[in-house]
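*Asks:* Got a structure here, written out as structure tokens. Questions coming.
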Amino acid sequence: SPFTTARIRSDFLDFFRGKGHEIVPSAPLVPANDPTLLFTNSGMVQFKDVFLGAEKRANPRAADVQRCLRAGGKHNDLDSVGYTARHHTFFEMLGNWSFGDYFKKDAIAWAWELLTGVWQLPAERLLVTVYHTDDEAYALWHEMIGIPAERIVRIGDNKGAPYASDNFWQMADTGPCGPCTEIFYDHGPEHFGGPPGSPDEDGDRYIEIWNLVFMQFDKQPDGTLVPLPAPCVDTGMGLERLAAVLQHVHSNYEIDLFDALIREAAALTGTADLSNKSLRVIADHIRACSFLIVDGVLPSNEGRGYVLRRIIRRALRHGWMLGTREPFFHRLVGTLCTQMGDAYPELPARRELVERALLAEEERFAETLDAGMRIFDDVADRSGGTTIPGADAFRLYDTYGFPLDLTQDIARERGLTVDVAGFEVAMEKQRETARAAGKFGGGVQLPADLVARLQPTRFVGYDAQRAEGLSVLA
Ligand code: ATP
Ligand code: MG
Ligand code: MG
Ligand code: MG
């Protein structure tokens, strides 16, 4: 296909440059000045202060290709990876913005022009949603663009329903917010799933490709919506989903960018079937893990570092399932650099660091992965085919370095669940024991001034204890 991901990125930026937008580089995955947010999960994150009015930009129009991560935190797509055709942990979001400049009419007209004009997508395969009260957006799609009424779906808010469509966007409980309109592509009746707003909307026949948010209100603490003096536009389109459409494949994992990664993962693990789910998970996870390390995160037992560790260990477990017993994951970094190094020069620039950090984590987890998997099998056999007891999940966590979500992921594959409440109880009991025994048991005596400088005791498991011990004694 002529529509490589490289071409799509540049087509997108060229188009919006032609419409007077300033092209902005991707911000790192770790937000620069927002401690409340774990990771950059959409293109608007780096513009948050502009929307809040705390920062002014010379050009009120911007466009970019933003690397995003949706794992851990509020947006978490980790559990969808390997199960849907359209979700990654790490992905790239194409976005264009108006900071109090153009609004619904231009945003809709340009989105349509790019999709059906520049990229020649057949209009009859596209379907749009609008917020149920947004008659303005409805009229623009229907009258200005000419989309028939049966392909415009009005969607409300579905608060609390994790997968249900929700066409009202808000940055937080108060502040900038507004209705969205989303563009879907119909991959055809051979795929399972209904249109947005239907009970089967979570299938993968109709795939959401572009979300246009119209920030037009300032939500007050009492819930009233005060119109913003200068409404804004915030859009996001998944590069990989669009590439799937333009390359005439259904799954994101079949696009050019993933092809080399999946082949390399197959070669390293000796896997013949290129559509094997584990290969897809590994290909997804090497992107997330590499870019996290590029952006300054290292595996640890807390916060961002623990999300990274969890993703690495999930990937390693998939390699193990494919029969691999040697470190393999870090060996994918070279292929990733070939695929993405032109778009993100910071990746090849830190290649060695990424490889070393991943290899170290592979070697570390190799000490317990195999034994942990045997424990899991024993427990699963004894469980009577329903639930992994919390105490066993905790033992896997504490002694074998299996994060809870890893154990849950393995359980899910076998139709089992994990007793999470029981896990928490076991964890709390362990904390109390550790607290009562004091932090440094085992006869290790530390100088009083060093002890005084240490953080308050918080037992976070086997690895943390070891890591903290090392850093304290270093
Ligand atoms: P979905 O409903 O399919 O989970 P979303 O509504 O959560 O998508 P948005 O938050 O609207 O997604 O993000 C804007 C765009 O980014 C989406 O329209 C989609 O193209 C892309 N996108 C979102 N999440 C992912 C993901 N996990 N992997 C790949 N692309 C994604
Ligand atoms: Mg989503
Ligand atoms: Mg959606
Ligand atoms: Mg959306």
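The values are calculated or read from the model by the stated rules, or taken from the named source; none is laboratory data. Computed from a predicted structure; not experimentally measured. All Cβ positions, even for glycine, are placed from backbone atoms using ideal geometry, and neighbour counts span all protein chains on display. Remember, those area values only see protein heavy atoms, side chains included, never the ligands or the DNA or RNA. Shrake-Rupley method; radii C 1.70, N 1.55, O 1.52, S 1.80 Å.
*Asks:* Can you report the number of residues in the stretch 367-401 which are aliphatic (A, V, I, L, M) and touching a residue at least 40 places away in the same chain (Cβ under 8 Å)?
*Replies:* Residues that pass the stated criteria total 2.
*Asks:* Out of everything in the stretch 52-72 that is away from ligand 4 (no atom under 16 Å from the Cβ), among the charged types (D, E, K, R) and in contact (Cβ under 8 Å) with a residue 24 or more places away in the chain, what residue ends up being surrounded by the fewest Cβ atoms within 10 Å (Cβ to Cβ)?
*Replies:* The qualifying residue surrounded by the fewest Cβ atoms within 10 Å (Cβ to Cβ) is 57.
*Asks:* Here's another thing I want to ask about it. I need a count of the residues in the stretch 34-51 that are open to solvent by 40 Å² or more (accessible area, probe 1.4 Å) and either closer than 13 Å to residue 24 by Cβ or without any contact (Cβ under 8 Å) to a residue 24 or more places away in the chain (or both).
*Replies:* Total satisfying the criteria: 4.
*Asks:* Counting just the residues of the stretch 194-214 that are away from ligand 1 (no atom under 12 Å from the Cβ) and without any contact (Cβ under 8 Å) to a residue 60 or more places away in the chain, which one comes out nearest to residue 249 (Cα to Cα)?
*Replies:* 205
*Asks:* Which count do you get for residues in the stretch 175-200 that are crowded, with 19+ Cβ neighbours inside 10 Å and among the charged types (D, E, K, R)?
*Replies:* So the answer is 1.
*Asks:* What is the number of the single condition among (1) open to solvent by 30 Å² or more (accessible area, probe 1.4 Å); (2) hydrophobic (A, V, I, L, M, F, W, C); (3) within 13 Å of ligand 4 (Cβ to nearest atom); (4) at pLDDT 95 or above that residue 169 does not meet?
*Replies:* Of (1) open to solvent by 30 Å² or more (accessible area, probe 1.4 Å); (2) hydrophobic (A, V, I, L, M, F, W, C); (3) within 13 Å of ligand 4 (Cβ to nearest atom); (4) at pLDDT 95 or above, only one is false for residue 169: (4).
*Asks:* Right, something else. Does the stretch 179-194 contain at least one residue that is within 16 Å of ligand 2 (Cβ to nearest atom), under 20 Å from residue 80 (Cβ atoms), at pLDDT below 95 and over 20 Å from the mean Cα position of the chain (by Cα)?
*Replies:* no
*Asks:* A further question follows. For residue 241, state whether it is within 20 Å of residue 90 (Cβ to Cβ), within 16 Å of ligand 4 (Cβ to nearest atom), out of contact with any His (no Cβ under 8 Å at 6 or more places or on another chain) and part of a helix (DSSP H, G or I).
*Replies:* The answer is yes for residue 241.
*Asks:* Oh, and also: Any residue that is part of a loop (DSSP other than H, G, I, E, B), within 16 Å of ligand 3 (Cβ to nearest atom) and without any contact (Cβ under 8 Å) to a residue 24 or more places away in the chain - is there at least one of those in the stretch 219-227?
*Replies:* no
*Asks:* While we're on this one: Looking only at the stretch 332-377, count how many residues are closer than 18 Å to residue 292 by Cβ, assigned to a helix (DSSP H, G or I) and open to solvent by 40 Å² or more (accessible area, probe 1.4 Å).
*Replies:* 12
*Asks:* Continuing with the same structure: Kindly indicate whether residue 257 is closer than 20 Å to residue 344 by Cβ, open to solvent by less than 30 Å² (accessible area, probe 1.4 Å), assigned to a helix (DSSP H, G or I) and free of Cβ contacts under 8 Å to residues at least 40 places away in the same chain.
*Replies:* No: the conditions fail for residue 257.
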